[in-house]
Amino acid sequence: MAAPAVFTDAEFYQQSFDSREYLKEFYNLSDSQGRPNTFLMQNLRSLCKMFSLDGLKGNTLIDVGCGPTIYQLLSACEHFQEIIALDYTDQNRQELEKWLKNEPGAFDWRPVVKYVCELEGDREKWAEKEEKLRKKVKQVLKCDVTKANPTDPVSLPPADCIISTLCLEAACKDLATFRSAVRNIGALVKPGGHLVMVTVLRETYYAFNKQVFSCLHLERNMVEEAVEGAGFDVRFCEVQSYLPDNVCTDCEATLSLVARRRASNTE
């Protein structure tokens, strides 16, 4: 399997992205053969580690490109009072709302929530964590990271922290668009606030449910330079190699990063 000849754009996601199948493919802790989902577990450990860093707390957290998922907010919700979730595709936002409203048929995140609670020291707090997260997500809005104001026509007050996981590399067709998108989302955070990112490196595609989606091939230095160019200082950056055991992606590593927005935004 290889990357599509033409980069899969936002409209392709809107028309072809099956949120339910995506969750089934990538967000169970183990596959049908009982093999552990090392990619997900690795990312959950990284998020737990990043959100325990000094100063990573505040009133508002904005999740940019949340998809239909909540895993990226499980450690974060302990440190922020309110969360605003943003995504481009309607079906992702609808799937997320289904879980937030505890509707029948919503994806079962309990195994993942229990795993994160275990990382944080008490597996039995999973129900409490679910309730806390449901209460803290105040808005689910449409966004487009390629716009100067990603939530246009809505304007959000600057947040204490923004998080973006596995989003920009799928939304940006080239490095210039990626740099611009990092600046666009960076403008959503107040000076002194934080940017938390999990991104894949050296990936050109991922696939599920007979659909193939493009990814921008990134290296660590490209991500760091884009973040610094957007007015941030990198506080934490870790790369972990990843060897896919199936053909659904050619990802070679994940990068976890925390950066602080400079008080005076000099490039």
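The values are calculated or read from the model by the stated rules, or taken from the named source; none is laboratory data. All values reported here derive from a predicted model rather than from experimental measurement. All Cβ positions, even for glycine, are placed from backbone atoms using ideal geometry, and neighbour counts span all protein chains on display. Each accessible area value is taken on the protein alone, full model and side chains, heavy atoms only, with ligands, DNA and RNA left out. Shrake-Rupley method; radii C 1.70, N 1.55, O 1.52, S 1.80 Å.
Some observations on this one:
- FRET efficiency estimate (nearest 0.05) - Cβ-Cβ, residue 102 to residue 245, R0 45 angstrom: 0.85
- The order of 180, 19 by accessible area, most exposed first and with a 1.4 Å probe, is 180, 19.
- Equivalent ellipsoid semi-axes - Cα gyration tensor, segment 115-237, angstrom: 26, 20, 17
- Helix-only mean residue ellipticity at 222 nm for the chain, each DSSP H run of n ≥ 4 adding -39500 (n - 2.57), per residue, nearest 500: -9500 deg cm²/dmol
- A 1.4 Å probe run over the protein chains yields, for segment 76-204, 42 Å² of accessible area per residue, whole-number rounding.
- Each Lys or Arg adds one and each Asp or Glu subtracts one; over the other residues with Cβ under 12 Å from the Cβ of residue 56, this totals +1.
- For the chain, the relative contact order is 20 percent, taking Cα pairs closer than 8 Å that sit 6 or more residues apart in sequence and dividing their mean separation by the residue count.
- Label-to-label distance, nm, for residues given as residue 125 and residue 152 (7 Å Cα→Cβ offset): 4.1
- Sum of side-chain charges, residue 200 neighbourhood, beta-carbon under 14 Å (Lys, Arg +1; Asp, Glu -1): -4
- If you sort the three axes of the alpha carbon gyration tensor as a ≥ b ≥ c, you get a/c under 1.5 for the chain, which makes it rounded.
- Backbone N within segment 190-210 under 15 Å of label point (7 Å from residue 175 Cα along the Cβ vector): 202-203
- FRET efficiency estimate (nearest 0.05) - Cβ-Cβ, residue 49 to residue 190, R0 25 angstrom: 0.60
- Checking the cross-link pairs 49/210; 173/210; 24/136 against a 32 Å limit on the alpha carbon distance flags 49/210 as lying beyond it.
- Packing, as the average of other Cβ atoms within 10 Å across residues, places the peptides 199-207, 107-115, 236-244 in the order 199-207, 107-115, 236-244, highest first.
- Within-10-Å neighbourhood charge of residue 67 [Cβ basis; K, R +1; D, E -1]: -2
- Annotation: residue 179 carries an accessible surface of approximately 100 Å², with a 1.4 Å probe and no ligand, DNA or RNA atoms counted.
- Whether segment 12-124 is rounded, prolate or oblate, judged on the alpha carbon gyration tensor where a/c under 1.5 counts as rounded: oblate
- Counting every alpha-carbon pair across segment 72-119, the share separated by more than 12 Å comes to 70%.
- With a simple spin-label model that places each label point 7 Å from the Cα along the Cα-to-Cβ direction, the separation between residue 41 and residue 10 comes to 3.8 nm.
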